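Student: I'd like to ask you about the structure that follows.
The values are calculated or read from the model by the stated rules, or taken from the named source; none is laboratory data. Because the structure is predicted, anything quoted here is derived from the model rather than measured. Note that we place each Cβ from the backbone using ideal geometry, even for glycine, and neighbour counts take in every protein chain shown. These area figures cover heavy atoms from the full protein model, side chains too; ligands, DNA and RNA do not enter into them. Shrake-Rupley method; radii C 1.70, N 1.55, O 1.52, S 1.80 Å.
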Amino acid sequence: MAERRRGLVLTALCATGLLVSACTSPAPADPSEPTVTDASPSLSTTAPTDGAGGTGGTDGPTSEPTAPEGSSSPTATPDPSATGSDDPAPDPTDEPTPPSPSPTDPPAPSTAQVTVVVAWSGLTDAGDPGASGYAQILEEGGRCVLDLTAADGTTSSSSSASSPDASTTSCGEVAVPAGEAGPGPWQALLHYESATSDGTSPTFEVRAS
């Protein structure tokens, strides 16, 4: 009885194996259906030879592009900002020092303008051309100057100290020696000046007679 069961089990296992084999085996190709062939070229991994059995040099294209003959590889352009400068940085202490202002002369004190009046003009007893007058100011320490221009263009001058009068400052009589005055008549100016006053008369004429 046991041997019979063992035989049934073996028979079932064999039937099952045949069924699995039949399901997994490829079905026969139908001659009526066209066969699809993979047309994509296969990539050969065998390097071509140079004809002499060696594999050193190749005439075919390589996997890396070859740079054109005669061209040079690009070089990196240096960045000007990255390179150091040969010129040293300016030292703040080297800045020029502005010149100190040179001392100037103190301004001259302003003088008061005064009127000068001519009282007389002509030849003195010595025959010298001269004039007298006064400045309309009362002070001491001034002087009077007589400027002459002769008929031939010769210029000459003479001065004398002034003196205070009742309400004016007198120039007295101022004359130029005849030998220095040149030929007359003469065009003349009577000028008064002091530390605080200054004035000149209008032009007047000194006659020779």
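Student: Just to be sure I understand, how many residues within region 117-148 are closer than 15 Å to S167 by Cβ, among the hydrophobic types (A, V, I, L, M, F, W, C) and touching a residue at least 40 places away in the same chain (Cβ under 8 Å)?
Tutor: Final tally of qualifying residues: 3.
Student: A further question on this structure: Kindly provide the set of residues from region 186-205 that are surrounded by 15 or more Cβ atoms within 10 Å (Cβ to Cβ) and of a type outside the set (G, A, S), ordered by number.
Tutor: Matches in region 186-205: W186, Q187, L189, L190, H191, Y192, E193, D198, T200.
Student: Could you list, in sequence order, the residues of region 143-181 that are surrounded by 22 or more Cβ atoms within 10 Å (Cβ to Cβ) and in a loop (DSSP other than H, G, I, E, B)?
Tutor: Hits for region 143-181 are S162, V176.
Student: Taking the criterion of being open to solvent by less than 30 Å² (accessible area, probe 1.4 Å), more than 21 Å from G179 (Cα to Cα) and in contact with a Gly (Cβ under 6 Å, 6 or more places away or on another chain), would at least one residue in region 117-126 satisfy it?
Tutor: no
Student: Here is a further query. Do you know which residues across region 127-142 are open to solvent by less than 40 Å² (accessible area, probe 1.4 Å) and assigned to a strand (DSSP E or B)?
Tutor: Of everything in region 127-142, those that are open to solvent by less than 40 Å² (accessible area, probe 1.4 Å) and assigned to a strand (DSSP E or B) turn out to be P129, G130, A131, S132, G133, A135.
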